[in-house]
1. Relative contact order (percent) for region B:132-264, with alpha-carbon contacts under 8 angstrom and 6 or more residues of separation?
2. With each label point set 7 Å from Cα along the Cα-Cβ vector, what nm distance links A:V248 and B:E255?
3. For region B:117-155 and region A:135-161, what is the centre-to-centre distance using only Cα atoms, to the nearest Å?
4. Taking B:E128 in one copy and the same position in all the others, each labelled 7 Å out along Cα→Cβ, what are the pairwise distances from the first, in nm, shortest first?
5. Count the lysine pairs in the protein assembly as shown whose Cα atoms lie under 18 Å apart, taking only pairs 8 or more positions apart in sequence or on different chains.
6. Could you tally the net charge around B:P213, taking each other residue with its Cβ under 14 Å from the Cβ of B:P213, Lys/Arg +1 and Asp/Glu -1?
7. Along Cα-to-Cβ, 7 Å out, sits the label point; list in nm, shortest first, how far the one on B:T41 is from those in the other copies.
8. Among A:S55, A:S181, A:S203, which one shows the highest mean-square fluctuation when chain A is modelled as a Gaussian network with alpha-carbon springs under 10 Å?
There are 2 protein chains.
Amino acid sequence: MEVVGRDAVLDDCAVLPVGDRFLVASTDMLHAGTDFPEGMTDWQVGWMSVAVTLSDIAAMGADPADILLAVGLDDPSRLRPILEGAKACCETYGARFAGGDLDSHRELTLVSSGIGFTQRPVRRAGSEVGDVIGIVGVPGRAQAALEGHTHYLQYLLTPCPRVEEGRVLAAAGASSMMDVSDGLVSSLFDMKEANSCGYEVFSAQIPTVQGIPPDAGLDLALRGGGDFGLLFTCRPEVLPLPIPDLYVIGRVIGEPVVKLDGRPVKILGYQHHWD
Amino acid sequence: MEVVGRDAVLDDCAVLPVGDRFLVASTDMLHAGTDFPEGMTDWQVGWMSVAVTLSDIAAMGADPADILLAVGLDDPSRLRPILEGAKACCETYGARFAGGDLDSHRELTLVSSGIGFTQRPVRRAGSEVGDVIGIVGVPGRAQAALEGHTHYLQYLLTPCPRVEEGRVLAAAGASSMMDVSDGLVSSLFDMKEANSCGYEVFSAQIPTVQGIPPDAGLDLALRGGGDFGLLFTCRPEVLPLPIPDLYVIGRVIGEPVVKLDGRPVKILGYQHHWD
């Protein structure tokens, strides 16, 4: 809404020039009722709460610096494993766990906030007609785990933010980027929202989860969230890049629509928005 | 606890060197069950949620830059007035309201995170024996309002972070500083925790809320929270400073205790701590 301003809500992070660099900053709220799958340990809760913010920083192509964690605890005994998981995630990705705020709460609620730095922030806006559309990571693995494919539980319970991959993509000249934590189709619509062009993807090029029938796998890939992959665009000549888990899935088109195999896609489901 | 590290939890903000300046960062969780007094409007809820973080930034002597707000909403209609109050508080103190995260939650939960910059961060550690102890703001006014003195409701409902005063104190050479959002005595103990010296204050020098019997006023001043004042120490020759609401209330002593009128004070009540 106009209270915040359109620019402030389009990207994964807020961006602030600092000297000859850019600072990026993001915050994410998670709480027990909706965000922590059954069976998730408190260590994993802590890991996840940091990973969501690191994923936002990665999606700007930035190096994470400091992470703060606000913890609303329903049970004091949960604090230590949560902090240990949070700290482990910070250390894995080169961030400093810099403290936070501690409160009691009826429902376990975690809000991580983080800052990072980059010479060249990659925003959601910036796609150009003729760019290729790429993703990092096979989409749908977290959703597959949620739907009972326990082989993929690690993707659901300890998701890996793509910090190094985001950095490589930014340095190589990606024209736009975001993380796909809310699912591929949803993310393509978010990209369209931030740009004046459209996005066409091809089901034959979208990698799908192994060990699941192809149609079900494609469905998981298109709508499944929680994977912390990256969605990006770049000039075709930017590729290949030294990122093992990178897939080209389509191209940027002039018509401002999202297309799958030549047909416009409609978006389903409720989404939270500032406006 | 050792998971976070002692340095990370002693100050109002995390501190990070950035070029020739220091970045400070803080996060604060507020939620309906404990933090928003009855009768507080949603606009005031938004204001307050930003003010707590600005107060932390002020307590480091820093200029606020960006504020992010994570909003867990129990009712979507509350969003607009909350964001308007949050934005008004940002604009009043020269911060940019840079977006955030939006979620639904059973209990209205707001977490603001903010960054600021300063040439010289003032930490809690740094007090030296012989320094004077000063406060900015009359302590106890928010608590007075909570206890029915409605004349002081503005201090409870739209508290004013002391951004300009913090900046002046830092530039003038304050040796240590923190905000007194949890009450004066509690804050003196927090200062002692961060230093190897002690703090002696004198009841005759502590300003009290007008229109309340002196004993009750002193009690409010000592234990009342929510005022967003500043507690600081400095060499005596640093004063006077052009801060109208500044009071010298005591001195830094060698013995590591908190004293009121010559007698050691004990701290009462439960406090949230990382360790």
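Values quoted throughout were computed directly from the atomic coordinates according to the rules given, and no laboratory measurement underlies them. Note that the structure is a prediction, hence the values are computed from the model and not measured. Reconstructed Cβ throughout: ideal geometry from the backbone, glycine too, with neighbour counts over all protein chains shown.
1. Relative contact order here is 46 percent.
2. Label at A:V248, label at B:E255, 7.8 nm between them.
3. 48
4. 5.8
5. Lysine pairs meeting the criterion: 4.
6. -3
7. Result, one decimal in nm: 5.0.
8. For chain A, modelled as a Gaussian network with Cα springs under 10 Å, the answer is A:S203.
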